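Since the structure comes first, as structure tokens, the remarks are kept for the end.
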Amino acid sequence: MLAADDLLIGAHTSAAGGAHNALIEGKSIGATTVQIFTSNQKQWKGKVITEEAAELFQEILHETGLQKIMSHSSYLINLGSPLTEGLHKSRRAFREEIERCLGLGLTFLNFHPGAALNKPREQCLDRVVESLILMEDLLKDENLTLLLETTAGQGSAVGCLFDELGYIVSRVKKHVPIGVCIDTCHIFAAGYDIRTGAAWKEIFKIFDEKIGLNYLKAFHLNDSMKASASRRDRHAPLGEGEIGLESFRFLMTNPLTRELPKYLETPGGCPLWDKEIWMLREFARGSKR
């Protein structure tokens, strides 16, 4: 069993000025892993990772000792879009994101599955499947794993139900490396009760039945400003929302989840993340504080 200090806990740090800066910021707050944007998440056309940038990233990665770095794809991407132009742009942008992740040698690419807009959700899910299978050539013999992020279910977003994620996973698993990242705020807002250890155990039973626990690869740790089943994505600092600290203490002590990578996206930035990372490690040590 890994010691508390060796557990992979981090946050979404800033890559302003270069992806390597996110690693440096992560190290400064006591992180052992980080999530980054490899390019501007609000623009369709992303930058190309140069050989020099990739080498610098690997150099700083070695110096900091951080592991299992995750990219979060652009919020513009909708791999299930019913609009021809939107779908084409999304698939092109997603392919470019994969190329950047491979260039930097990242472990995970986290992404929101998609949104149905004004069309049936089933059609959206099928387009997501088609979009992911189109990436098969890029990912063959590579170590990058694509992670479907659980969503809160706002608007027409798919991926708020384990059935939907299971549908995608079952159809693409033979084509691309695939997994799931559970966002605690999102699944709580989607209607899954995770406030206690007992509640989590029930959730994991459902996850295993609908998706398979072997596909659970990482967590986004966020409390929720809104109530369960609100379908509202509003992050809160750990212990200051509707979920509460018991949920996060369980994740840090439960054998199933203790050693899975965890990335904070709580509001407040580095000053808060420094404290939350420390708190999560204290949970892992068995501290009651």
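Structure data summary
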| item | result |
| --- | --- |
| Residue pairs meeting the criteria (Cβ under 9 Å; at least 6 apart or on separate chains; first surrounded by fewer than 24 Cβ atoms within 10 Å (Cβ to Cβ), in region 177-192; second modelled with pLDDT under 95) | 177/142 |
| Selection from region 255-289 of residues that are surrounded by fewer than 15 Cβ atoms within 10 Å (Cβ to Cβ) and within 17 Å of residue 187 (Cβ to Cβ) | 256 |
| Scan of region 141-155 for residues that are on the phi < 0 side of the Ramachandran plot and either acidic (Asp, Glu) or crowded, with 17+ Cβ neighbours inside 10 Å (or both), ordered by number | 142, 144, 145, 146, 147, 148, 149, 150, 151, 152 |
| First in region 15-44 and within 23 Å of residue 90 (Cα to Cα), second anywhere and among the acidic types (Asp, Glu), Cβ under 7 Å, 6 or more apart | 38/97 |
| Matching residues in region 158-176 - criterion: being buried (at least 24 other Cβ atoms within 10 Å of the Cβ) and among the small types (Gly, Ala, Ser) | 159 |
| Among residues of region 70-104, those that are surrounded by fewer than 18 Cβ atoms within 10 Å (Cβ to Cβ) and either of a type in the set (A, V, I, L, M) or touching an Asp or Glu at 6+ places or on another chain (Cβ under 7 Å) (or both), counted | 3 |
| Listing of helices (runs of 4 or more DSSP H) fully contained in region 178-289 that carry 2 or more residues being touching a helix residue (DSSP H, G or I) at 6+ places or on another chain (Cβ under 6 Å) and of a type outside the set (Phe, Trp, Tyr) | 197-210, 245-253, 270-285 |
| Qualifying residue in region 155-168 (condition: under 20 Å from residue 242 (Cα atoms), at pLDDT 95 or above and in contact with a Gly (Cβ under 6 Å, 6 or more places away or on another chain)) | yes |
| Tabulated pairs, region 85-107, first over 30 Å from residue 59 (Cα atoms), second among the β-branched types (Val, Ile, Thr), C-beta under 7 angstrom, 6+ apart or interchain | 90/77 |
| Some residue of region 195-202 being touching a His at 6+ places or on another chain (Cβ under 7 Å), surrounded by fewer than 24 Cβ atoms within 10 Å (Cβ to Cβ) and at negative phi | no |
| Filter pass, residue 81 being within 15 Å of the chain's Cα centre (by Cα) and over 20 Å from residue 25 (Cβ atoms) | no |
| Those residues of region 204-248 which are among the basic types (Lys, Arg), closer than 20 Å to residue 146 by Cβ and in contact (Cβ under 8 Å) with a residue 60 or more places away in the chain, in sequence order | 217 |
| Condition met for residue 67 (in contact with a strand residue (DSSP E or B) (Cβ under 9 Å, 6 or more places away or on another chain), surrounded by fewer than 17 Cβ atoms within 10 Å (Cβ to Cβ) and either modelled with pLDDT of 95 or more or among the hydrophobic types (A, V, I, L, M, F, W, C) (or both)) | yes |
| In region 55-64, residue farthest from residue 33 (Cα to Cα) [restricted to those that are crowded, with 17+ Cβ neighbours inside 10 Å and under 22 Å from the mean Cα position of the chain (by Cα)] | 57 |
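The values are calculated or read from the model by the stated rules, or taken from the named source; none is laboratory data. Because the structure is a prediction, the values reported are computed rather than measured. Note that we place each Cβ from the backbone using ideal geometry, even for glycine, and neighbour counts take in every protein chain shown.
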